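Report on one structure; see the data block that follows.
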Amino acid sequence: MKVSLQSEITLYPLSIRKDKKHYIVEEPISGDFFELPEIGVDAIKRLEQGEELVSIEHALKSSYPDEEVDIVDFVKQLLELGLVQEVDGMLVKKEQSKSTSRSGGFLWIPQSLGRLFFNRAMNKIYMLLLIANIIILILNPELFPHYKDIFLFDSMVLNILMYLSISLVLILIHEFGHILAIRSHDLPAKLSIGNRLIFIVFETDLTQAWKLDPKKRNTLYLAGISFEQVILFISFGIMLLFPDASIIGILGIIVLDIFIKFIYQCCFYMKTDVYYVVENITGCYNLMEDGRIYLNSLFKNRRKNGGNYKEIFQNEWNVIRLYSVFYIVGVVLTLILAVMYFVPQLYYTYTTIYLNLLGADDRAAFWDAIAFSVMTIFMLFLLVFVARKQKHEN
């Protein structure tokens with residue numbers, strides 16, 4: 001749709017709230033959220049008041065002499081974002097939003113239940129449990145998870161089914177923490193399935209969290225980890241008080257799974273819960289993208305814009321450099337997890353399967369190996385399906 005300085009623009013009703021550095025703009029009908037600087041918000045308010053584009057451009061150039069102002073280009077960006085309702089009296093076709101609507105999103109969970117688990121007192125308890133779990137692990141190194149903790153049975157099929165079942169339950173508890181946290185603010189959430197690296201994961205859409213202040217958003221992002229710390233503390237307690245209990249093997253798998261996922265949360269080259277907390281605290285909502293640009297610039301002889309990235313990132317320069325360090329640390333942590341857990345587990349598993357396939361005398365072990373091989377092929381097909389589905393949606 002053509003836009004000029006003489007165009008008359010009508011926007012959808014917008015909700016604007018000041019954030020740490022810029023402003024969060026919500027289009028309430030679709031539930032979409034956008035971050036805009038002050039000059040953009042000023043332009044929107046003038047558009048809502050019915051000012052002409054020529055008048056708005058002159059006013060912005062006067063109020064923001066250091067900014068490059070092109071009101072026509074700005075309106076085109078608003079069109080792309082789906083914030084423009086009419087141009088010269090003509091209705092703009094709006095694509096259906098994928099955001100969570102108020103008609104769904106676990107609204108059957110009462111707000112009071114969410115507040116029971118997430119309030120000021122409980123948030124402090126979750127933090128104390130995290131500290132307590134770290135101290136317990138330091139004082140009792142024998143509780144440190146080992147890669148063989150998942151091998152409770154001689155049957156590899158039973159081992160993988162046990163591990164997947166426990167991991168699935170823990171994932172659902174983690175995501176239910178997010179859901180309860182956002183319901184404590186009477187906001188909706190949506191649960192979906194996806195994948196990160198080679199893992200199939202459930203993901204809670206916390207888009208509606210942008211309605212909240214940054215400090216409150218952190219509670220939502222850390223809710224899953226908070227629930228895991230409760231489970232971990234209980235597991236450590238039972239393992240220390242009842243070392244000969246019959247469920248010690250299962251508790252070992254629980255500890256291993258939560259430990260790996262906690263380390264995984266610190267891998268900032270992916271958008272994990274902890275990453276969103278860091279992004280939220282700093283107010284740099286393109287931290288990963290800007291961090292990658294900075295890291296790429298370090299390995300290029302010819303940098304864009306003459307290599308003057310400090311000027312491009314402006315006030316976010318120091319944050320982006322620090323994030324880049326943690327980005328690299330996250331990659332190293334992933335490699336450490338692979339060396340300590342994933343590679344030894346895969347080697348032990350498939351060495352055992354190979355020997356069982358050759359051992360014709362033990363028919364039970366042979367058929368167990370066949371069944372495990374079929375399960376492996378099925379999981380690979382499922383992973384490819386989910387990856388393609390995500391690629392198609394994006």
Picked from the stretch 61-72 (must be among the aliphatic types (A, V, I, L, M) and touching a helix residue (DSSP H, G or I) at 6+ places or on another chain (Cβ under 6 Å)), the residue surrounded by the fewest Cβ atoms within 10 Å (Cβ to Cβ) is V69
Run R196 past the list (1) surrounded by fewer than 16 Cβ atoms within 10 Å (Cβ to Cβ); (2) at pLDDT 90 or above and report the number of the one that doesn't hold. (2)
Go through the stretch 6-48 and give me each residue that's assigned to a loop (DSSP other than H, G, I, E, B), of a type outside the set (S, T, N, Q), farther than 17 Å from N286 by Cβ and under 24 Å from the mean Cα position of the chain (by Cα). P28, G31
Can you work out which of the residues in the stretch 106-126 that are assigned to a loop (DSSP other than H, G, I, E, B) and under 23 Å from the mean Cα position of the chain (by Cα) is nearest to H174 (Cα to Cα)? F118
Go through the stretch 136-186 and count every residue that is aliphatic (A, V, I, L, M) and not in a helix (DSSP H, G or I). 1
Tabulated pairs, the stretch 236-255, first in a helix (DSSP H, G or I), second polar (S, T, N, Q), C-beta under 8 angstrom, 6+ apart or interchain: F236/N133; F236/N140; L240/N140; L251/S235; I254/S235; V255/S235
With the condition being modelled with pLDDT of 80 or more and in contact with a Phe, Trp or Tyr (Cβ under 7 Å, 6 or more places away or on another chain), I'd like the helices (runs of 4 or more DSSP H) fully within the stretch 303-394 carrying at least 1 qualifying residues. 317-337, 343-358
Tell me whether the stretch 95-109 contains one or more residues that are closer than 23 Å to I258 by Cβ, in contact with a helix residue (DSSP H, G or I) (Cβ under 7 Å, 6 or more places away or on another chain) and modelled with pLDDT of 90 or more. no
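Yes/no matrix, rows are residues, columns are (1) exposed (fewer than 13 other Cβ atoms within 10 Å of the Cβ); (2) hydrophobic (A, V, I, L, M, F, W, C); (3) under 20 Å from V87 (Cα atoms):
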| position | (1), (2), (3) |
| --- | --- |
| V3 | no, yes, yes |
| I9 | no, yes, yes |
| I16 | no, yes, no |
| K20 | no, no, no |
| E27 | no, no, yes |
| L36 | no, yes, no |
| A43 | no, yes, yes |
| E48 | no, no, yes |
| A59 | no, yes, no |
Given the criteria without any contact (Cβ under 8 Å) to a residue 40 or more places away in the chain and closer than 30 Å to L191 by Cα, does Y64 qualify? no
Answer yes if at least one residue in the stretch 206-222 is of a type in the set (A, V, I, L, M, F, W, C), in the same structural domain as E142 (by TED's automatic domain parsing), in contact (Cβ under 8 Å) with a residue 60 or more places away in the chain and in a helix (DSSP H, G or I), and no otherwise. yes
Are any of the residues in the stretch 166-187 under 19 Å from F33 (Cβ atoms), at pLDDT below 85 and not assigned by TED's automatic domain parsing to the domain that holds V25? no
State whether one or more residues within the stretch 49-71 are in contact with a Pro (Cβ under 9 Å, 6 or more places away or on another chain) and assigned to a loop (DSSP other than H, G, I, E, B). yes
Which of the residues that make up the stretch 28-45 are free of Cβ contacts under 8 Å to residues at least 60 places away in the same chain and closer than 14 Å to W210 by Cα? P28, F34, L36
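The values are calculated or read from the model by the stated rules, or taken from the named source; none is laboratory data. What you see is a predicted model, and the numbers here were worked out from it, not measured in a lab. As a convention, Cβ positions derive from the backbone with ideal geometry for all residues, glycine included, and neighbour counts pool all protein chains shown.
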